[in-house]
Structure formats: C-alpha cells, structure tokens
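Could you have a look at this structure, given as structure tokens, before my questions?
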Amino acid sequence: MLNTWVVAPTCLPTVIRRCHACAFERFRVDGKFRVNAHHKVLDVWLLALCSTCGATTKLTILERVNVRSVRPGLLDRLHDNDAALAAELLQDPEVRRRNRIALDWEGAWSLDTGGSDHRDREVIDVAVRFAARIPVRPVRLIADGCGLSRAEVERLIGDGKIVSAVRLSGRVSGDFTFTLKR
C-alpha cells in the first residue's frame, strides 16, 4: 500500500537579502504589494520588512508595464494584497533572479504523513508530494515521517534498506517516492 506524504507551506518564507539600513540578511514578507501608476504604465513591488530594524525593501514584480497588458484579475489580487499571490511570485525564479534574493524555508513548512499507522509495518512505500517548491533534505523528511533519527536514516540508506529513484542526499523540491524495508 502506497502512503502519501505532503510537504506544504505554513507561511511565507523568509527572504534572504542584505538590508540597506542595518546589513542584516533576513526579511519577512506579509503579502503586501505597492502598485504605482505613471500615466499608462504600472510598477508593482512586493514589500518586505527587515527582521531586525524594520526597514522596508521593495521586490520588483512588474516594472513599467502597460496597464492594458495586466490582466484585471491579477490587478485586483495585487490591490487586495493577496498572500497566495505573494507566495506564487516568491516561487518564480525570474522574480528571485531579478531581485537577487534567496528564500529560507526554515520553519515555514510542515509534513503531513496522514497518521502514524505505517510505522509498525515491515515495508513502507511512500510518495512524497510537494504543495510548493520547498527545498528539503529527504533524510529529514524520512526521519520526521518515520520517527527515526537522521543518523538512523543515513545508516538505513547506506545499508540499502531505504531506496529511491532520486538521490536522497542533498535537497529536493519535487515529488519523489521511496521504499523503507526494516
């Protein structure tokens, strides 16, 4: 029987970028946008606050875009400060590249294993699904989901008792499956 685990965001990730005021490198995003109109063109920024001093930085979302080229639904979401839209935009590699930012997902996601009834079985087949592209170490997911220590998971991988089509060292942010044989 295949168990499905889901890695889902619980809040917006922390933005890693150097603060111009205090040189701290962590910003919190609350999903607030600033939309500025210049005649027939728009600028849109996602606002982020320094975790230390509270200084505001603007992450460029749209720059000098013709008003007619922006979908009305998107414009409404921007004006409504839609947090789901902020999460989508932070996931966009183009937005991250343009603003020279990275994301820190520490403490901003959770693992739903659907219960602990699988822990006493001899063989466990698990499909891990990601609700958002959250980079997580598979060893941490397996340890948390199976109630094992990370060292124990590393030992089981070395012994060939945990197998997967994806590399279990490093980080993954896409769906994968693994089998645990005790």
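Quick check on my filter: what residues within the range 135-152 are part of a helix (DSSP H, G or I) and not hydrophobic (A, V, I, L, M, F, W, C)?
Pro138, Arg140, Asp144, Gly145, Arg150, Glu152, listed by residue number.
Right, next: Just to check your reading of the model, which residue among Val139, Val128 is under 24 Å from the mean Cα position of the chain (by Cα), at negative phi and in contact (Cβ under 8 Å) with a residue 40 or more places away in the chain?
So the residue among Val139, Val128 that is under 24 Å from the mean Cα position of the chain (by Cα), at negative phi and in contact (Cβ under 8 Å) with a residue 40 or more places away in the chain is Val128.
Take the residues of the range 153-170 that are assigned to a loop (DSSP other than H, G, I, E, B) and out of contact with any helix residue (DSSP H, G or I) (no Cβ under 9 Å at 6 or more places or on another chain): which is least open to solvent (accessible area, probe 1.4 Å)?
Among those that are assigned to a loop (DSSP other than H, G, I, E, B) and out of contact with any helix residue (DSSP H, G or I) (no Cβ under 9 Å at 6 or more places or on another chain), it is Gly160.
With the requirement that a residue be loosely packed, with under 12 Cβ neighbours inside 10 Å and part of a helix (DSSP H, G or I), what does the range 43-75 give you?
Listed by number, the residues that qualify are Arg68, Ser69, Pro72, Gly73.
So is Thr4 in a strand (DSSP E or B) and in contact with a His (Cβ under 8 Å, 6 or more places away or on another chain) or not?
No.
What number of residues within the range 15-42 satisfy the criterion of being part of a strand (DSSP E or B) and either more than 21 Å from Glu88 (Cα to Cα) or not basic (Lys, Arg) (or both)?
13
Those residues that are in contact with a strand residue (DSSP E or B) (Cβ under 8 Å, 6 or more places away or on another chain), farther than 30 Å from Met1 by Cα and not in a loop (DSSP other than H, G, I, E, B), I need them from the range 92-120; list them, please.
Listed by number, the residues that qualify are Val95, Arg96, Arg98, Asn99, Ala102, Leu103, Asp104.
The values are calculated or read from the model by the stated rules, or taken from the named source; none is laboratory data. Fair warning: this is a prediction, and the values are worked out from it, not measured in the lab. Virtual Cβ from ideal backbone geometry, glycine too; neighbours counted across all protein chains shown. Ligands, DNA and RNA are stripped out before the accessible areas are found, and what is left, the full protein with its side chains, is counted by its heavy atoms. Shrake-Rupley method; radii C 1.70, N 1.55, O 1.52, S 1.80 Å.
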